[in-house]
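Below is one structure, written out as structure tokens; comments come after it.
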Amino acid sequence: MKNMKKYIYGLLAVLSVATISACGEKEGSEPGNDSNPFIFVNSCELGESYDPDCDVAIRLAVNNATSSVYYLSEKTSDYESRLKSLGESGYAEYVKTNGTQLNSSAATGITGDSIYETTLTGLYGDYTIVAVAFGKGSEYDIKSKTFTGVLWNNVVAGTYHLQDNAGVIKAMNWGGRTKSTTLQISSADPNKYRFKDLYGKNSHLYFTLNGKEGKDDDGHFRNFSMPAHATSAQFGKYGTMMIRDVATWQGDASLEGNNLLYDNNTVVVFAQYYVSAGNIAYGYDEFIPE
């Protein structure tokens, strides 16, 4: 086997958490006591069929003074410009006119315990998601949260090769040691890569270049790191099988020198597979481009 190495980095797509403003002494303390509309916006768990790099699930909760709810997502730069031009109340009306209205039961309408969830997809770049709760007359409450989606561009298609360990191969259930995948690069950060759908739809394997490079008999390479990442495999009664590079496992950054991305896009990672109970195996995984 060629002396090559590769890695993969776990990317977490990180969402901000909205905070709730303090209410008056009685407002919101008991059902039915609210006099002004109020809305709470937060992120929630994303379904398995969605891509965490560019899709976001949000949860909206309103009080009993709310009669209708609208939400809208747009590029943060557009949001900031429009908000400055229209003012808050004008932007609230803009959301009502151009956004999406939450559905409610014709029998019960929107009540103080109303909670809604919706998923926004294909958000590439910096987005602001705005939700507005409208009450009687001109009363409203407006909240927002931000989300940054990542666009990944294809580098090359190829084949991912698991290290030669029977336990790992059986648990991964690929029908062998290999699986076709595509190496992709982040449009936002040229140091970040992923293997698209390696563990199933929207379940990717990530790695990040660390700025170090070198050359061996197989050519010029760049080194990378790979923090812990869940695979789709279950290792017997021990639960989810995880992967990370040996450098992360051992807490020794010098071992990242064994993780290599070659100029021809061959990737080698000195990887450990493990479960919460301990180590399963470690060795070299490889990606061979077409």
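The values are calculated or read from the model by the stated rules, or taken from the named source; none is laboratory data. Please read these numbers as outputs of a predicted model, since none were measured by experiment. Backbone-built Cβ (ideal geometry, glycine too); neighbour counts: all protein chains shown. For accessibility, only protein heavy atoms count, side chains too; no ligands or nucleic acids. Shrake-Rupley method; radii C 1.70, N 1.55, O 1.52, S 1.80 Å.
The conditions are (1) small (Gly, Ala, Ser); (2) within 19 Å of residue 158 (Cβ to Cβ); (3) assigned to a loop (DSSP other than H, G, I, E, B), and residue 180 fails exactly one of them. Which is it?
(3)
Can you find, within the range 151-177, the residue that is farthest from the chain's Cα centre (by Cα) among those that are polar (S, T, N, Q) and open to solvent by 60 Å² or more (accessible area, probe 1.4 Å)?
173
Taking only the range 48-101 into account, find how many residues are loosely packed, with under 12 Cβ neighbours inside 10 Å and of a type in the set (Lys, Arg).
Here the count works out to 1.
Yes/no matrix, rows are residues, columns are (1) open to solvent by less than 70 Å² (accessible area, probe 1.4 Å); (2) at pLDDT 90 or above:
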position: 106; (1), (2): no, no
position: 109; (1), (2): yes, no
position: 121; (1), (2): no, yes
position: 125; (1), (2): yes, yes
position: 131; (1), (2): yes, yes
position: 134; (1), (2): yes, yes
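Take the range 201-226 and flag every residue that is within 15 Å of the chain's Cα centre (by Cα) and open to solvent by 20 Å² or more (accessible area, probe 1.4 Å).
Result: 201, 202, 203.
In the range 40-79, which residues are under 16 Å from residue 117 (Cα atoms) and hydrophobic (A, V, I, L, M, F, W, C)?
40, 41, 44, 46, 56, 57, 58, 60, 61, 62, 69, 72
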